[in-house]
Amino acid sequence: MKYKLSKYVIITDSFIDNKESQKLVYSTRTGDVIILNNETIKKLMNNNFFTLEDHLIDRLIFSEIVVPELEDELDTVLNEFEISKLDSDILSMTITPSANCQLGCEYCGQVHSKLSITEDLSEKIFEYIKNKLSLKEYSGLDIVWYGAEPLMGINAIRDLSERLLNFCSNNDLSYSASMITNGLNLNRKNFQDLVANMQIKSFQITIDGTQDTHDNSRFTKKKEPTFEFIVRNIVNAINDPLYKKENVSILIRVNVHENNYLEVDKLLDFFHDLKIQDKIQMSFAAVHDWGNNNANKKIGLSMTHFADLEIGWFLKMKELNFRKHELVPQRTFSTCMTTSENNELIDAKGEISYCWEVPYTPDFEANNDLIIGNVSDQSIHLKDSQDMPLRNWYNDIRNKNNNSENCNACEFLPVCGGHCPISWFKGIRACPSFKLNIEDKLIMQYIEDGELLNINKG
C-alpha cells in the first residue's frame, strides 16, 4: 500500500536537540507525539518512505502521521465525529435552576430576573428527562447545574436532584453532576449539602485576578466586592473532609481581559501562599462575545496576545507546583453541547436549547434559532432537532456551511472539532489558543514528561 504524510500533522520549527537535529512531530489524528530527526522529516515531506526502517514506518502508521495515499482524511475525521455521536450512551442535561444572579459582571451577556424553577416546572423537567432517557438505551445521566447563578435556585436543585437520583438508582443508570457557580453562596452548609445529598462532585468558579482586580470585574449588582467571600468559600470547601473523601474537584476559571491580564501571575502566587495550589485546577479563557454583546471588542485581548500570556501562566504553575495540566490537546470525538442530540439545556422558564449562550440572552431568545421548545409541551421530547442550526455541525464543516471554511481546512480539526460552532455561526473566529502556541506547549510537555506523551525516537 502507498502512503502519504497526513495533513493533520504539526512539526515544530525548533530543534529540541541541536546536536542530533531532532524535532517533535505531533499527530492531531491520534494525539501522539514522536521525535524525528531532520533527515527523516525531509523524507516524509517528500513522500520518500522507501529508505525508512520497517519499525519506524509501522510507528508512523500507528500514529497516523502517515496514512494511505488515497484516503480522504477530512471525510475520515468527520465520519469519526459522527459515529461517536451515535455511539454516545450518556444523556447530558444542563439545567439553570434560576434566572437570577447577584453579580453584574462587565462582560456578561445575560439579562437576569428573579425567576426560579417552580415545583410544577420541576415536575415537568423531571418528566421530560425521564422521557428522553426512554428513547435510547442510555447507560447514565450527567447533569450540569448552570446559571445565571444556580445557587440562587438551590431548592430546585435539591428537588430535582432527589427525583433524578432516585430514578437513576431504580433504573440501573449511572449518575454524575457538576456545577458552574460564582461561588458567593457556596458556604459550608451548601457545599456539604450539594456534595453529600445532591452528588455534585465538580465545581467551576470564576476568579478574575487578585482582590482589587477581581472586585472591579466581578462585583455585585450593587457594586459590592465579592473576592473575599468567594475565596473563603473555596478554602472552606477544600478543607472540608468531604472534599477528599468524595474526590471533589474545584476548577478556578480566570476570564482574561485587558483590565486584569497583568494580575494573573499574582493570583497564582496568592493560591500558592494559601497552600491550595495542589488542590485546585486552573483554566484561563479570553473574554469573548456573548450573545452579541461585543465584550471581545470592548475589553478583550487579541488571541495572539492571550496565547503568548497563557504559556507564561503554565510555566508559573509548574514552578509553583500546581496540579499538572495537560498542555497538548488529545484527540476529541465531540465538540460541545451544540453538536450532540444527547446534550440539551433547560432554563428556568422550561425552554430547551442547545448552547450555553441561549438562556437569558436577548438576541437568541428573540429569534428562537437555537430553541427546541418548552418542557410544558408533553411531546417535545420526541422532537428531532437534527435539522436545526449547527446540530449537524460536522456536515456543515464538510460542506463549508455556517462559516466553517476555516475548520474544513484546519490541521487541528481532530483535536478541536470546530471549538465553538455558535461563534462561527455569528461570524466570529473561534479558534482555540493552542492553535497559536502549540509549539511552546509541545516543547514544555516534552521537557516535563516525554514518555507520557507516547514520544518515540526515529
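The values are calculated or read from the model by the stated rules, or taken from the named source; none is laboratory data. Worth saying up front: this structure is predicted, and the values here are computed from it rather than measured. Don't worry about glycine lacking a Cβ; one is built from the backbone with ideal geometry, like all the others, and counts go over all protein chains shown.
Every residue, every condition in (1) of a type in the set (D, E, K, R); (2) under 26 Å from ASP269 (Cβ atoms); (3) within 14 Å of the chain's Cα centre (by Cα), yes or no:
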site: PRO329; (1), (2), (3): no, no, yes
site: SER334; (1), (2), (3): no, no, yes
site: GLU341; (1), (2), (3): yes, no, no
site: ILE346; (1), (2), (3): no, no, no
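From the list ASN255, ASN259, which residue is surrounded by 15 or more Cβ atoms within 10 Å (Cβ to Cβ) and more than 22 Å from the chain's Cα centre (by Cα)? Can you show your working first?
Values: ASN255 fails: more than 22 Å from the chain's Cα centre (by Cα).
The conditions single out ASN259.
Every listed requirement among (1) modelled with pLDDT of 95 or more; (2) surrounded by 16 or more Cβ atoms within 10 Å (Cβ to Cβ) is met by ASN239 save one, (2). None of ASP72, ASP54, ASP32, ASP58 is assigned by TED's automatic domain parsing to the domain that holds TYR446, under 25 Å from THR335 (Cβ atoms) and free of Cβ contacts under 8 Å to residues at least 12 places away in the same chain except ASP72.
Does at least one position in segment 93-107 carry a residue that is modelled with pLDDT under 95, within 30 Å of LEU135 (Cβ to Cβ) and surrounded by 17 or more Cβ atoms within 10 Å (Cβ to Cβ)? No, segment 93-107 contains no residue that is modelled with pLDDT under 95, within 30 Å of LEU135 (Cβ to Cβ) and surrounded by 17 or more Cβ atoms within 10 Å (Cβ to Cβ).
If you check SER334, SER283 for being in a strand (DSSP E or B), touching a residue at least 12 places away in the same chain (Cβ under 8 Å) and closer than 30 Å to SER63 by Cα, only one passes: SER283. ILE428 meets each of the listed conditions (1) of a type in the set (Val, Ile, Thr); (2) at pLDDT 95 or above; (3) within 28 Å of ASN292 (Cβ to Cβ) apart from (2).
So, in segment 162-173, how many residues would count as being in contact with a Phe, Trp or Tyr (Cβ under 9 Å, 6 or more places away or on another chain) and surrounded by fewer than 23 Cβ atoms within 10 Å (Cβ to Cβ)?
The qualifying residues number 6.
The sole residue among TYR360, TYR394 that is on the phi > 0 side of the Ramachandran plot and outside any strand (DSSP E or B) is TYR360. Given the condition under 26 Å from PRO225 (Cα atoms) and either touching a residue at least 60 places away in the same chain (Cβ under 8 Å) or part of a helix (DSSP H, G or I) (or both), answer yes or no: does some residue in segment 157-176 qualify? No, because not a single residue in segment 157-176 is under 26 Å from PRO225 (Cα atoms) and either touching a residue at least 60 places away in the same chain (Cβ under 8 Å) or part of a helix (DSSP H, G or I) (or both).
Within segment 223-266, being farther than 14 Å from LYS189 by Cα, outside any loop (DSSP other than H, G, I, E, B) and among the β-branched types (Val, Ile, Thr) holds for ILE230, VAL231, ILE250, ILE252, VAL254, VAL256, VAL264. Would you be able to say whether some residue in segment 35-45 is modelled with pLDDT under 95, among the β-branched types (Val, Ile, Thr) and within 30 Å of the chain's Cα centre (by Cα)? For segment 35-45, residues modelled with pLDDT under 95, among the β-branched types (Val, Ile, Thr) and within 30 Å of the chain's Cα centre (by Cα): present.
Hey, can you tell me all the residues within segment 132-144 that are of a type in the set (S, T, N, Q) and within 27 Å of the chain's Cα centre (by Cα)?
SER139 - this is the single residue of segment 132-144 that is of a type in the set (S, T, N, Q) and within 27 Å of the chain's Cα centre (by Cα).
Does LYS298 meet the test of being in contact with a His (Cβ under 9 Å, 6 or more places away or on another chain), under 23 Å from GLU106 (Cβ atoms), of a type outside the set (Asp, Glu) and assigned to a helix (DSSP H, G or I)? Considered against the rule, which asks whether it is in contact with a His (Cβ under 9 Å, 6 or more places away or on another chain), under 23 Å from GLU106 (Cβ atoms), of a type outside the set (Asp, Glu) and assigned to a helix (DSSP H, G or I), LYS298 comes out as yes.
Taking strands (runs of 3 or more DSSP E) as the structural unit, those lying wholly within segment 1-113 and holding at least 2 residues that are more than 30 Å from GLN204 (Cβ to Cβ) correspond to 3-5, 9-11, 22-27, 33-37, 66-68. Taking the criterion of being surrounded by fewer than 17 Cβ atoms within 10 Å (Cβ to Cβ), assigned to a helix (DSSP H, G or I) and of a type outside the set (D, E, K, R), the only residue of segment 193-222 that qualifies is ALA196.
On the given criteria, is ALA366 modelled with pLDDT under 95 and either among the charged types (D, E, K, R) or in a helix (DSSP H, G or I) (or both)? Judged against the criteria, ALA366 is a match. Does PHE314 count as in a helix (DSSP H, G or I) and aromatic (Phe, Trp, Tyr)? The answer is yes for PHE314. Taking the listed residues ASP347, ASP384, ASP377, the one that is of a type in the set (Asp, Glu) and modelled with pLDDT under 95 is ASP384, with no other qualifying.
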